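Single-structure report; data block below.
Each reported figure results from applying straightforward, stated rules to the coordinates on display, with no laboratory input. Just so it is clear, the model here is predicted, and its values are computed rather than measured. Glycine gets a Cβ as well: all are built from the backbone with ideal geometry, and neighbour counts include every protein chain shown.
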Amino acid sequence: MNLAAVMDAVSTRLDTIANLRCFAYPPAKLTPPAAVVSYPETYTFDETYGRGSDRMTLPIVLVVGRVSDRSARDELGAYCNGTGARSVKAVLQSGTYTAFDSLRVVSIDFDVVSIAGVDYLAALFDLDIFGPGS
Amino acid sequence: MAFVHGKNTYISLNAVDLSAFTNTSEFERGADSHDVTTYGKNDHVFSGGLGNNRATMGGVYDNGAAGPRDTIEPLVGTVVTLVRRPEGTGSGLPQDSVSVLVEKYVESSPVADMVTWSCEMQCSDAVTSTNQ
């Protein structure tokens, strides 16, 4: 797998969600709602013999409104739902990719991230991506 | 002498290279044992018999035409050639070649992981061990 191509492919697919700004790498600044494809937490080589396949855990950070806003909770919920037009899991897993073989949205952690001094509600998605080793 | 990593291991069945879909394989060399203990002995005495060898392999499922399903499933119950190179492909590296009866092909689908496969084979006749 080519890391840059994988991150681009995931970002491109995420960009099909209406009104969500998507970045294929961590940007210098962003305006919520936005999704950032970050660098892999783990990149495991040699899942099969002869450089047959590799695997990575790729995080996506999705930031919505201020943490104290009820509307932020509702908006984040739409991205975190298992189904629906704004469901990150549904949208990513229904995509067709050439940069890798398989993608699964495994889990979500919730956190608060500070951007320009403002605390925003964020969801941290973990993606399990499996693809060719060479 | 040096320890050898398993990542370069090569394995093919019926001349189809399955290495890219395989992440585990075993080649077991064994022999029958015959009890030839006679009166007066305080311990069993054994004599070696015929060779009896087995092989297994498994890995990650792939839906391509040369993947494990399309390759192995039609071979269950037939005798074909297994080639295994534990140190990979290269001049002077060891290779075992043997006819095997493909006894079992198994697919497993865990809900939270990739589909995997495994294959069990009974060796038929002598193993040819050579250097490539």
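Once the gyration tensor of the Cα atoms in segment A:1-112 is diagonalised, the equivalent ellipsoid follows with semi-axes of 27, 14, 13 Å, ordered largest first. Judged by the mean number of other Cβ atoms found within 10 Å, the most tightly packed of the peptides B:76-86, B:24-34 leads the ranking B:76-86, B:24-34. Between A:Gly50, A:Ser68, A:Thr96, the Cα set farthest toward the positive side of the dipole of chain A (charges on each charged residue's Cβ, about the Cα centre) is that of A:Ser68. Taking label points 7 Å from Cα along the Cα-to-Cβ direction, B:Leu101 and B:Met1 give a separation of 3.7 nm. Electrostatic tally near B:Met121: other residues with Cβ closer than 15 Å to its Cβ, Lys and Arg +1, Asp and Glu -1, net -3. Straight Cα distances below 17 angstrom link A:Lys29 to the aspartates and glutamates A:Asp119, with same-chain residues fewer than 8 positions distant left out. Among B:Asn8, B:Val80, B:Thr24, whose Cα sits farthest toward the positive end of the charge dipole of chain B (+1 at Cβ of Lys/Arg, -1 at Cβ of Asp/Glu, about the Cα centre)? Ranked along the dipole, the leading option is B:Asn8. Using only side-chain charges placed at the Cβ, +1 for Lys and Arg and -1 for Asp and Glu, the dipole size of chain B relative to its Cα centre rounds to 240 debye. Normalised size of the protein assembly as shown, defined as Cα radius of gyration per 2.2 N^0.38 Å with N residues, equals 1.42. Scattering from chain B was approximated by placing one identical point on each alpha carbon and applying the Debye formula without solvent; log10 I(q)/I(0) at 0.17, 0.21 1/Å stands at -0.90, -1.22. Excluding same-chain neighbours fewer than eight residues apart, the aspartates and glutamates reachable from B:Lys7 by a Cα-Cα span under 16 Å are A:Asp46, A:Glu47, A:Asp54, B:Asp17, B:Glu26, B:Glu87.
For segment B:76-97, backbone nitrogen atoms closer than 11 Å to the point 7 Å from B:Thr130 Cα along Cα-to-C-beta are found at B:95-97. For peptide A:49-60, the mean count of partner chain Cβ atoms within 10 Å of a residue's Cβ comes to 5.
The relative contact order of chain B, computed from alpha carbon pairs under 8 Å that lie at least 6 residues apart in sequence, is 26 percent.
Highest-first packing order for the peptide set A:102-114, B:43-55 is A:102-114, B:43-55, based on the mean count of other beta carbon atoms within 10 Å.
Dividing the mean sequence gap of close Cα pairs (under 8 Å, 6+ apart) by how many residues chain A holds gives a relative contact order of 26 percent. In chain B, taking the dipole from charged Cβ atoms about the Cα centre, the farthest positive-side position among B:Cys123, B:Ser91, B:Leu101 is held by B:Ser91. Peptide B:20-26 has a mean of 4 when you count, residue by residue, the C-beta atoms of other protein chains within 10 Å of its C-beta. Partner shielding of A:93-105 amounts to 1, given as the average count of beta-carbon atoms from other chains within 10 Å of each residue beta-carbon.
In order along segment B:80-86, the phi-based Karplus estimate (6.51 cos²θ - 1.76 cosθ + 1.60, θ = phi - 60°) of 3J(HN,Hα) comes to 9, 8, 9, 10, 10, 10, x Hz; Gly and Pro are listed as x.
Relative to the dominant Cα principal axis of chain A, helix A:3-14 is inclined by about 50°. Placing a label point 7 Å from the Cα of A:Thr98 along the Cα-to-Cβ direction, no residue of segment A:1-19 has a backbone N closer than 12 Å.
For chain A, the longest principal axis of the C-alpha atoms and the axis of helix A:70-80 are separated by about 20°. The magnitude of the dipole of segment A:18-70, with charges of +1 and -1 set on the Cβ of Lys/Arg and Asp/Glu and taken from the Cα centre, is near 360 debye.
Ranked for footprinting exposure by Cβ neighbours inside 10 Å, fewest first, A:Asp8, B:Asp35, B:Asp62 give B:Asp35, A:Asp8, B:Asp62. For segment A:23-134, a crude dipole built from +1 on the beta carbon of Lys and Arg and -1 on the beta carbon of Asp and Glu, taken about the Cα centre, is about 320 debye to the nearest 20. Model label sites at B:Glu87 and A:Val118, defined 7 Å from Cα along the beta-carbon direction, differ in position by 6.4 nm.
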